[in-house]
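Participant: Attaching a single structure in structure tokens format; questions to follow.
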Ligand code: OFO
């Protein structure tokens, strides 16, 4: 396997571990706020990223490429809102997509058909990843509006109770 592609796949597999940590921090952000549904969703997202890294490792192993594990920066642990978490996630996935596309370009440039075929799974996966976060963002926005509507109804039901004169 071409050394340039082995290096690029190693870089991406380490970025998948970095992605896992990004979502692990988010999982705990929700756990702290007792939002167990979101906590569960992000726990699964964390596991998925680990499996993306493992899939890359499996491929390098099969093709005889040396696996090199590196470190990475600290993930963000502080967020102002649920929406900010989701928008950060979507931007993160767009960056993953950009990197996967670059990897695919390199595989094609090197005429490495097996790698291009392998990378196609990630190309498809990224369509799903971005779609998941886009949908979640839309849903959170809708729920927010619905919450405001329900609160508005509740406030509308308030009646003036005159205080007794004596
Ligand atoms: Fe969230 O995506 Fe990995 O590859």
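Participant: Give me the mean projected area, in nm² to one decimal, of the convex hull enclosing the Cα positions of region 93-132.
Facilitator: For region 93-132, averaging the hull's shadow over all directions gives 2.3 nm².
Participant: Fewest Cβ neighbours within 10 Å first, please rank 21, 52 accordingly.
Facilitator: 21, 52
Participant: May I ask for the distance between the Cα centers of region 84-148 and region 14-59, given as a whole number of Å?
Facilitator: 14
Participant: For the chain, what's the relative contact order in percent, using C-alpha pairs closer than 8 Å and at least 6 residues apart?
Facilitator: 23
Participant: Give the order of 140, 161 when sorted by the count of other beta carbons within 10 angstrom, beginning with the fewest.
Facilitator: Ascending Cβ contact count within 10 Å gives the list 161, 140.
Participant: Here's a follow-up. Rounded to the nearest 10 degrees, what's the angle between the helix 113-156 long axis and the longest principal axis of the chain, both from Cα atoms, 0 to 90?
Facilitator: Compared with the principal axis, the helix lies near 0 degrees.
Participant: What angle, in degrees between 0 and 90 and rounded to the nearest 10, separates the Cα long axis of helix 82-109 from the longest principal axis of the Cα atoms of the chain?
Facilitator: 20
Participant: Given the options 129, 154, 95, which has the most mean-square fluctuation in a GNM of the chain, springs set between C-alpha atoms less than 10 angstrom apart?
Facilitator: Sorting by GNM fluctuation, first place goes to 154.
Participant: By count of other Cβ within 10 Å, fewest leading, how are 32, 78, 130 ordered?
Facilitator: 78, 32, 130
Participant: Per DSSP H run of at least 4 residues, take -39500 (n - 2.57); add these up for the chain, divide by its residues and hand me the 222 nm value, nearest 500 deg cm²/dmol.
Facilitator: -28500 deg cm²/dmol
Participant: Determine the gain in length on full extension of the stretch residue 137-residue 94; use 0.36 nm per residue of separation and subtract their C-alpha separation, reporting nm with one decimal.
Facilitator: Fully extending the segment from residue 137 to residue 94 adds 14.0 nm.
Any read-out appearing in this document is the output of simple, stated calculations on the displayed coordinates, not a laboratory observation. Here the structure is a predicted model, which is why all the values come from computation and not from measurement. Heads up, the Cβs are rebuilt from the backbone with ideal geometry, glycines too, and the neighbour counts pull from every protein chain shown.
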